[in-house]
């Protein structure tokens, strides 16, 4: 699968490494070249400096032939804008984006943008962990 | 009318002042507390601190009863999201976004923003008045209809000089709306009006016909 | 008689007192009230000064209207409360023999409304009561008081209640 990832933070770089390791063709974008130090030394994918809400940068990253696009920068608004560009202009079949703000997350889900809210996911995981954890007595 | 301005930078401040002066109810949303203080000194009780992209802030700001939302921050993605939240959450009738990167015009239109104002194009319009070239300058886009409002200056040697508007064969969907003569007289485009050199023409056109329209209005005799 | 008025947009900018104004001028005094116990001391003080000077006391009940509502929204509950509070002020004025004018004002925020009214009515003094409030465990002046202290052109007296036990 050809995957374009926007945002080389902790999650973006980890995802890129895992996908590349699994034999997928990965291109990762970030506006800051320093961010690419998070990638493993033996990363087999491509890293490109560029802004994912710029159509030109997305084209350079091979968005036109991509099977999937993931927007995972720190900015909710940048993520949803890039996701919508990938979906509506480049017709990428699988598009996902991260939105921290739970309210915005709900709205974009209704608008048909595939989103994951790390705020909601993390609080659910903690919630389950707290309820299921064995009680430790000292 | 009640208008919400998202972003209290230089553009937001000037826009809020202009809208207040024309008698509208206006609220300017600004996220930065320090900037809010500056704005309040300047504007008074029409400044509201908060993130204009957040539904909770827009709710408190009364977006549900707003007639217009104008998103004029320096970041296109923020302007897009503010307009989308206003439109889909609060059913604001008209959303207008400032776009800083001209390439974003298409995606804004595709995603339901009613009009985009492009600072680059406006600056280009200013520059072209002082340069001996005559490109068509897009002033405003009406996205729902796929139409642009454009502006072109008739060169002194243009073929169309002397022709009546009714005699021009314009591309389909293109209509001339206004003529601004060299002495700044503004005339509605009536069929009998004849074009003169240095007239400025304001027209409505489909984006794909812009080139054809320019060709007709500017090519030399 | 209490009148209901609307203050659409309060201009900012700290205003200077009119030229030639020297010392404390207590012929016209403004007291904003909310129907709290904190109003009591401000009214007592301002009423007493007004009676002695044969001046006029302006007592305003300012209702903050949320942005979600138009400024002239009916605000029935608040209007009812305002009528009661202002009627009590009228009775007090008759009893204690000072001249008073009362009004309910709908505005977007108390601070700038008080400043604007003080300027418009050319008062020499604003007297206001405030309770001792804590917000998130810290003493808080609120938003209106600092705004009035910063922007009102006339003198401002604050009566803060005792710290409750």
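Check residue A:82 against each of (1) under 19 Å from residue A:2 (Cα atoms); (2) without any contact (Cβ under 8 Å) to a residue 24 or more places away in the chain and name the one condition it does not meet.
(2)
Could you check the stretch B:194-208 and list, in sequence order, the residues that are modelled with pLDDT of 85 or more and surrounded by fewer than 16 Cβ atoms within 10 Å (Cβ to Cβ)?
B:194, B:196, B:197, B:198
Find the helices (runs of 4 or more DSSP H) located wholly in the stretch A:76-138 whose residues include 1 or more that are surrounded by 15 or more Cβ atoms within 10 Å (Cβ to Cβ) and in contact with a strand residue (DSSP E or B) (Cβ under 7 Å, 6 or more places away or on another chain), and list them.
By residue number, A:76-88, A:102-110.
Going residue by residue through the stretch A:35-45, is there one that turns out to be under 30 Å from residue A:123 (Cα atoms) and crowded, with 22+ Cβ neighbours inside 10 Å?
No, because not a single residue in the stretch A:35-45 is under 30 Å from residue A:123 (Cα atoms) and crowded, with 22+ Cβ neighbours inside 10 Å.
Consider residue B:112 against the criteria (1) at pLDDT 95 or above; (2) within 11 Å of chain A (Cβ to nearest Cβ); (3) part of a loop (DSSP other than H, G, I, E, B): it satisfies all of them except one. Which criterion is unmet?
Evaluating residue B:112 over (1) at pLDDT 95 or above; (2) within 11 Å of chain A (Cβ to nearest Cβ); (3) part of a loop (DSSP other than H, G, I, E, B) leaves (1) as the failure.
(1) under 17 Å from residue C:31 (Cβ atoms); (2) outside any loop (DSSP other than H, G, I, E, B); (3) touching a residue at least 60 places away in the same chain (Cβ under 8 Å); (4) out of contact with any helix residue (DSSP H, G or I) (no Cβ under 9 Å at 6 or more places or on another chain): which one isn't true of residue C:91, the others all being true?
Result: residue C:91 fails condition (3) only.
Quick check on residue A:85: is it on the phi < 0 side of the Ramachandran plot, in contact with a helix residue (DSSP H, G or I) (Cβ under 6 Å, 6 or more places away or on another chain) and within 11 Å of another protein chain (Cβ to nearest Cβ)?
So residue A:85 fits the description; yes.
Checking residue A:104 against (1) over 12 Å from the mean Cα position of the chain (by Cα); (2) away from chain B (no Cβ under 12 Å); (3) under 20 Å from residue B:57 (Cα atoms), which test does it fail?
(2)
Among the residues of the stretch B:67-97, count how many are touching a residue at least 60 places away in the same chain (Cβ under 8 Å), crowded, with 23+ Cβ neighbours inside 10 Å and within 16 Å of the chain's Cα centre (by Cα).
Final tally of qualifying residues: 6.
Would you pick out the residues in the stretch A:49-73 that are under 15 Å from the mean Cα position of the chain (by Cα), surrounded by fewer than 20 Cβ atoms within 10 Å (Cβ to Cβ) and either more than 25 Å from residue A:118 (Cβ to Cβ) or modelled with pLDDT of 95 or more (or both)?
Across the stretch A:49-73, the qualifying residues are A:67, A:68.
Within the stretch B:41-66, how many residues turn out to be away from chain C (no Cβ under 12 Å), crowded, with 22+ Cβ neighbours inside 10 Å and under 30 Å from residue C:150 (Cα atoms)?
Counting residues in the stretch B:41-66 that are away from chain C (no Cβ under 12 Å), crowded, with 22+ Cβ neighbours inside 10 Å and under 30 Å from residue C:150 (Cα atoms) gives 1.
Answer with yes or no whether residue B:14 is more than 10 Å from every other protein chain (Cβ to nearest Cβ), free of Cβ contacts under 8 Å to residues at least 24 places away in the same chain, closer than 24 Å to residue B:104 by Cβ and surrounded by fewer than 24 Cβ atoms within 10 Å (Cβ to Cβ).
Yes; evaluated as a whole, the condition is true for this residue.
Considering only residues that are farther than 25 Å from residue C:25 by Cα and either modelled with pLDDT of 90 or more or part of a strand (DSSP E or B) (or both), which ones fall in the stretch C:135-165?
Selection gives C:135, C:138, C:139, C:140.
Given the conditions (1) within 14 Å of chain B (Cβ to nearest Cβ); (2) free of Cβ contacts under 8 Å to residues at least 24 places away in the same chain; (3) in a loop (DSSP other than H, G, I, E, B), and given that residue A:23 satisfies all but one, which numbered condition is not satisfied?
(1)
The values are calculated or read from the model by the stated rules, or taken from the named source; none is laboratory data. If you're wondering where the values come from, they're calculated on a predicted model, not measured in any experiment. Positions of Cβ are backbone-derived with ideal geometry, glycine not excepted, and every protein chain shown enters the neighbour counts.
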